Amino acid sequence: ELKEIVFIIQSQSNSFHSKRAEDLKRDILKQAADLGKELPTVLLIHEMDGHEGAWTILPLMRDFSVTYGRNSSWIFFCEEDTRIQVVKLLETLGRFDESKEWFLGKALYDEESTIIHHYAFAENPTVFKFPDFAAGWALSIPLVNKLAKKLKSEPLKSDFTIDLKHEIALYIWQKGEGPHLTPVPEFCTDDVNSYKVDHCATTFSNFLPLCVEPVKKEDVFVAVKTCRKFHGDRIPVVKQTWEREAALIEYYSDYADISIPTIDLGVPNTDRGHCGKTFAILERFLNHSSPRTPWLVIVDDDTLISIFRLRKLLSCYDPNEPVFLGERYGYGLGTGGYSYITGGGGMVFSRIAVQKLLASKCRCYSTDAPDDMVLGMCFSGLGIPITHSPLFHQARPMDYPKGYLSHQIPVSFHKHWNIDPVKVYFTWLAPSTEESLNGKKVGYNREDL
């Protein structure tokens, strides 16, 4: 029965995202009403009990068990851009015995062990499957009840939430004592207009959202963090790839080099953390850039980014809201921690977010504190939510499953380690697949990377 399915939409409180999630909720309820069925429960995660870590889902299992453990059969999770054919979903779930423990989804796996997953299953990473959230995934109520019981006796231990889909699958698997993910072919990430979708219960819009015209080049100020030892190898890569997409760009270093040029902020370089440097950049943006420039992007000197695509993405956000956008990680969320934007993939701020932050007096506890985590802590204290986009990436393309990247138009990747960064840029991020480099046409095949 449809009323026995609880739909959970991985929503966010930013106005653009909450509207998309509301639209999906309305669509699910309309489909149910059109069937003449009793309406299912549809919940938005950002509205659930004000819990900072609600997006990590596991802390909610006890609530799910208490509230839905008796009268429901399935909890179905999806993203705001997942599209659901309710009739097909009912048929698909109907194939599984709801009295048993089921963990259903579209399977992803690592081709090779990756730093993102702490090199898990290093001998054969393909054996461990985890769900592509974009296709939707489901837990049977007996499994929810079991997880809730376990969480009661053993609180979540992990300090960091880095890749939620992998971490949830690991937690459910319980080192082989719990269920593996069961792949469900009807859970799809093909675009709704694809010829392949006839058998699909779910689809996903292959997305780089564009809401109105892309924001103007002059509306995005780009700050590149560097230091003297990387002037010779990392900065030339920026200049060869994405610098031309930025109208306003400055390089901040511990040494003023006229040839780049870099600006010495008077903050000594630190081996890690860079909090002092990042806050100096924020102060400079507020005090020295045009007040008419609404957006600031801070990247590392080994970040590869498409400013062209970022301008499309930013068309969806209101610069009059405090926006702090990028790839979301979590720290200590089971025990009242905070979410943060991981720095390597790029951190995007609306001017008003920077104003509110600097007015708050929340600052680095040391110059080499981790800047991204301190920012997360500060914004959390201000009640300004982190806005997550899966199009920013803290690692390299080969660190992610191919199936995961196949329905993305990425905005950034990070690190030059063991790759040709120029090749990665022109393959994954250049404004067109074939881009002119030194007068030559260059086209690369993603499969080679």
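The values are calculated or read from the model by the stated rules, or taken from the named source; none is laboratory data. Predicted model only: the values in this text are computed from it and were never measured. Glycine also receives a Cβ, built like all others from the backbone with ideal geometry; neighbour counts cover every protein chain displayed. These accessible areas exclude ligands, DNA and RNA; they are computed on the full protein's heavy atoms, side chains included. Shrake-Rupley method; radii C 1.70, N 1.55, O 1.52, S 1.80 Å.
Values for this structure:
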{"read-out": "Hull shadow area, averaged, the stretch 126-213 [alpha-carbon convex hull, nm²]", "value": "8.8 nm²"}
{"read-out": "Computed over the stretch 325-427, Kirkwood Rh from alpha-carbon pairs, angstrom", "value": "15.1 Å"}
{"read-out": "Sequence-distant residues sharing a close amide H with Phe221 (under 5 Å, placed H)", "value": "Trp295, Leu296, Val297"}
{"read-out": "Equivalent ellipsoid, the stretch 2-204 (semi-axes from 5 times Cα gyration tensor eigenvalues, Å)", "value": "25, 20, 18"}
{"read-out": "The stretch 1-113 - percent of accessible surface contributed by carbon and sulfur, probe 1.4 Å", "value": "45 percent"}
{"read-out": "For the stretch 300-355 versus the stretch 203-232, the gap between their alpha-carbon centres in whole angstrom", "value": "10 Å"}
{"read-out": "Euclidean distance between Cα centres, the stretch 22-36 to the stretch 80-130, Å", "value": "25 Å"}
{"read-out": "Percent accessible area from carbon and sulfur atoms, the stretch 217-429, protein chains only, probe 1.4 Å", "value": "51 percent"}
{"read-out": "Additional length obtainable on full extension of the chain from His180 to Ser194, 0.36 nm per residue less Cα span", "value": "2.1 nm"}
{"read-out": "Under Karplus coefficients 6.51, -1.76 and 1.60, residue-wise ³J(HN,Hα) of the stretch 16-25 in Hz, glycine/proline x", "value": "4, 6, 5, 5, 4, 5, 4, 4, 5, 4"}
{"read-out": "Under 20 Å from Lys165, Cα to Cα: lysines that are on another chain or at least 8 residues apart", "value": "Lys106, Lys129, Lys146, Lys150, Lys157, Lys175, Lys402"}
{"read-out": "Ser205 long-range amide H proximity, modeled H, under 5 Å", "value": "Arg83"}
{"read-out": "For the chain: accessible area per residue (Å², 1.4 Å)", "value": "43 Å²"}
{"read-out": "Cross-link reach list, aspartates and glutamates versus Lys196, counting only Cα pairs under 20 Å and skipping chain neighbours closer than eight places", "value": "Asp81, Glu91, Asp132, Glu186"}
{"read-out": "Other-chain or far-sequence residues with amide H under 5 Å of Leu43's (modelled H)", "value": "Phe7, Ile8, Ile9"}
{"read-out": "Trypsin sites (Lys or Arg not before Pro) restricted to the stretch 1-90 and DSSP loop, no more than 13 other C-beta within 10 Å", "value": "Arg70"}
{"read-out": "Normalised contact order of the stretch 2-204, rounded percent, pairs of Cα under 8 Å and 6 or more residues apart", "value": "24 percent"}
{"read-out": "Fully extended contour minus Cα-Cα distance, from Met48 to Ala247, at 0.36 nm per residue", "value": "67.6 nm"}
{"read-out": "Distance cut-off 21 Å, percentage of C-alpha pairs in the stretch 224-354 lying past it", "value": "44 percent"}
{"read-out": "Alpha-carbon Rg with Dmax, taken over the stretch 38-140, Å", "value": "15.7, 49"}
{"read-out": "Estimated vicinal HN-Hα couplings, Hz - the stretch 147-161 in sequence order (Karplus 6.51, -1.76, 1.60; Gly, Pro = x)", "value": "5, 4, 5, 5, 5, 5, 8, 10, x, 4, 9, 4, 6, 10, 10"}
{"read-out": "The stretch 164-212 - Rg over Rh from alpha carbon coordinates, Kirkwood radius", "value": "1.16"}
{"read-out": "Highest-first arrangement of 246-252, 128-134, where packing means the average Cβ count within 10 Å", "value": "128-134, 246-252"}
{"read-out": "Structure-based [θ]222 nm, the chain - -39500 (n - 2.57) summed over DSSP H runs of at least 4, per residue, nearest 500", "value": "-8000 deg cm²/dmol"}
{"read-out": "Per residue, the convex hull volume that the Cα atoms of the chain enclose (Å³)", "value": "151 Å³"}
{"read-out": "Estimated FRET transfer efficiency when R0 is 45 angstrom, pair Glu91-Ala120 (beta carbons, to 0.05)", "value": "0.85"}
{"read-out": "Farthest positive-ward along the stretch 217-429 dipole, Cα basis, beta-carbon charges - from Phe285, Ile341, Gly403", "value": "Gly403"}
{"read-out": "3J(HN,Hα) from dihedral phi, the stretch 408-420, Karplus parametrisation 6.51/-1.76/1.60, rounded to Hz, x for glycine, proline", "value": "10, 10, x, 9, 8, 9, 9, 5, 9, 5, 6, 9, 9"}
{"read-out": "Among Gly337, Gly94, Gly376: highest mean-square fluctuation, GNM of the chain, C-alpha pairs under 10 Å", "value": "Gly94"}
{"read-out": "Relative contact order (%) - criterion: Cα under 8 Å, at least six apart; region: the chain", "value": "14 percent"}
{"read-out": "Distance (nanometres) between label positions extended 7 Å along Cα→Cβ at Glu213 and Ser15", "value": "2.0 nm"}
{"read-out": "Descending Cα extents along the principal axes, the stretch 119-164, whole Å", "value": "32, 27, 18"}
{"read-out": "Residue among Ile84, Ile260, Ile409 with the largest mean-square fluctuation in a Gaussian network model of the chain, springs linking Cα atoms under 10 Å", "value": "Ile260"}
